[in-house]
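Chemist: Quick one: structure below, then a few questions.
Quick note: the coordinates plus some simple rules give every number you see, no bench work behind them. Just so we're clear, the structure is a prediction, and the values are computed from it rather than from any experiment. Cβ placement follows ideal geometry from the backbone for every residue including glycine, while neighbour counts extend to all protein chains displayed.
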Amino acid sequence: MKFIENIGEVLIKLFSNLGKFILFIIFFFKYLFKPKFYFKNNINYFINIFISSIPIIALTGIFSGMVLALQSYTGFSRFSAESAIPNIVVLTLTRELGPVLTGLMISARVGSSIAAEIATMRVTEQIDALKTLNTNYYNYLVTPRVLSLTLALPIFVTLVDFIGVMGGYIVSVHRLGFNDNLYLLNTIDFLSLGDYLSGIFKAFAFGFIISIVSCYCGLFSDKGAFGVGSATTNAVVISSILILSSNYFLTELFF
């Protein structure tokens, strides 16, 4: 009997949080186009996200492309199909690895920061102070972070795609002995606008998922230091799960 009660409590909590999250998204869009719009907050947060994330993005792209080229060679060399490596590298990066890996890395880097920052504001009652000053905390806290990250992630994905292709080029030419001009020519010929745009569409979706989940976890965190840590962990875990699951459905959409 106790086991059934525990399951019931978990389900009630799950659906309660799901309902609050849906309402949170509805209120976000409700206040998105209403005054007051803190334009300076949006610009500053976008710049902060961009500058702080560039090193992680560069490392993610270069090593993903290098590993992808090596692993592709291992498989294709058995069928004498090494010439397909440039095609596989650019296709996999633009459609799948670029958006997904970027989303996961930004979730850990930026999503955790958003959740911890807002949760700390909640613990120290700064959000209550905003309400007292009649300041809409959706417009002041949530909107700048959601818009900035949603717009920044496609830029990050583009950088990861480019750097990853260059990483594959470095390994293929200098490690595997490919002709450099032929590698670049195959890459350019095989890359299509549709493949690139499908990855960019995923980037917009992942950016929104990371930012809205992180803001929600921060705003509805528990009190105290434990609440801040829990909000940070939940933001990263939930965002990562949603990125991986939504990636399948978006891939089906563009298949």
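Chemist: Once the range 49-108 is represented by equal point scatterers at the alpha-carbon sites, with solvent omitted, what log10 I(q)/I(0) does the Debye formula produce at q = 0.27, 0.29, 0.30 Å⁻¹?
Modeler: Once normalised to I(0) and log-transformed, intensities are -1.07, -1.16, -1.20.
Chemist: Add -39500 (n - 2.57) for each DSSP H run of 4 or more in the chain, then divide by its residues: what number comes out at 222 nm, to the nearest 500 deg cm²/dmol?
Modeler: Rounded to the nearest 500, the figure is -28000 deg cm²/dmol.
Chemist: Additional query: Which whole-Hz couplings ³J(HN,Hα) result when phi for each residue of the range 190-204 is put into the Karplus expression 6.51 cos²θ - 1.76 cosθ + 1.60, θ = phi - 60°, listed in order with x for Gly and Pro?
Modeler: Once rounded to whole Hz, the list reads 7, 5, 10, 5, x, 5, 5, 5, 5, x, 5, 4, 4, 4, 4.
Chemist: How about the range 1-92: which trypsin sites (Lys or Arg not before Pro) there are in a DSSP loop, with at most 15 other Cβ atoms within 10 Å of their Cβ?
Modeler: LYS36
Chemist: Would you please name the chymotrypsin sites (Phe, Trp or Tyr not before Pro) within the range 18-109 that are DSSP coil residues with at most 10 other C-beta atoms within 10 Å of their C-beta?
Modeler: Hits after loop and neighbour filter: PHE33.
Chemist: Please work out whether the range 190-251 counts as rounded, prolate or oblate from its C-alpha gyration tensor, where a ≥ b ≥ c are the square roots of the eigenvalues and a/c under 1.5 means rounded, while otherwise a/b larger than b/c means prolate and anything else oblate?
Modeler: Prolate, because a/c is 1.5 or more and a/b exceeds b/c.
Chemist: Still on this model: Could you compute the FRET efficiency for LYS223 and LEU244, with r as their C-beta to C-beta distance and R0 at 25 Å, rounded to 0.05?
Modeler: Efficiency, from the Cβ-Cβ distance: 0.20.
Chemist: I would also like to ask the following. Please turn the phi angles of the range 138-153 into ³J(HN,Hα) values with the Karplus equation 6.51 cos²θ - 1.76 cosθ + 1.60 (θ = phi - 60°), one per residue in order, whole Hz, x for glycine and proline.
Modeler: 5, 5, 7, 10, 7, 4, x, 6, 5, 5, 4, 6, 5, 7, 6, 4
Chemist: Between GLN71 and ILE7, what is the label-to-label distance in nm when each label sits 7 Å out along the Cα-to-Cβ direction?
Modeler: Output for this residue pair reads 3.8 nm.
Chemist: For the pair LEU197 and ARG78, what calculated FRET efficiency results from E = 1/(1 + (r/R0)^6), where r is the Cβ-Cβ distance and R0 = 30 Å, to the nearest 0.05?
Modeler: Working from the Cβ atoms, E equals 0.35.
Chemist: Could you pull out the trypsin sites (Lys or Arg not before Pro) across the range 149-255 that fall in loop regions by DSSP (anything but H, G, I, E, B) with no more than 11 other Cβ atoms inside 10 Å?
Modeler: For trypsin sites (Lys or Arg not before Pro) across the range 149-255 that sit outside H, G, I, E and B with at most 11 neighbouring Cβ atoms in 10 Å, the list reads LYS223.
Chemist: Using only the Cα atoms of the range 1-151, build the gyration tensor, take square roots of its eigenvalues as a ≥ b ≥ c, and label the shape rounded, prolate or oblate: rounded if a/c is under 1.5, else prolate if a/b is larger than b/c, else oblate.
Modeler: oblate
Chemist: A further question follows. Send over the per residue convex hull volume for the chain, Cα only, as a whole number of Å³.
Modeler: Roughly 167 Å³ of hull volume per residue.
Chemist: Among rounded, prolate and oblate, which fits the range 82-228 when a ≥ b ≥ c are the square roots of the eigenvalues of its C-alpha gyration tensor, a/c under 1.5 means rounded, and a/b larger than b/c means prolate?
Modeler: Prolate shape, in that a/c is at least 1.5 and a/b is the bigger ratio.
Chemist: Right, another one. Would you mind ranking SER64, SER240 so that the residue whose beta carbon has the fewest other beta carbons within 10 Å leads the list?
Modeler: Fewest-to-most ranking of SER64, SER240: SER240, SER64.
Chemist: Still on this structure: I'd like the Karplus ³J(HN,Hα) series for the range 83-96: coefficients 6.51, -1.76, 1.60, θ = phi - 60°, whole numbers in Hz, and an x wherever there's a Gly or Pro.
Modeler: Taking θ as phi minus 60°, the curve returns 5, 7, 4, x, 5, 5, 4, 5, 5, 5, 5, 6, 8, 10 Hz for the range 83-96.
Chemist: Report the convex hull volume per residue for the range 81-162, counting only C-alpha atoms, in Å³.
Modeler: Per residue, the Cα convex hull of the range 81-162 comes to 73 Å³.
Chemist: Please report the Cα spread of the range 96-136 along all three principal axes, rounded to whole Å, starting with the longest.
Modeler: The Cα atoms of the range 96-136 stretch 45, 18, 7 Å along their principal axes.
Chemist: While we're looking at this one, here's another question. Let's test this: bin the Cα-Cα distances of the range 139-187 at 5 Å from zero up to the farthest pair and state each bin's percent.
Modeler: All Cα pairs, binned at 5 Å, distribute as 5, 18, 17, 13, 10, 9, 8, 8, 6, 4, 2 percent.
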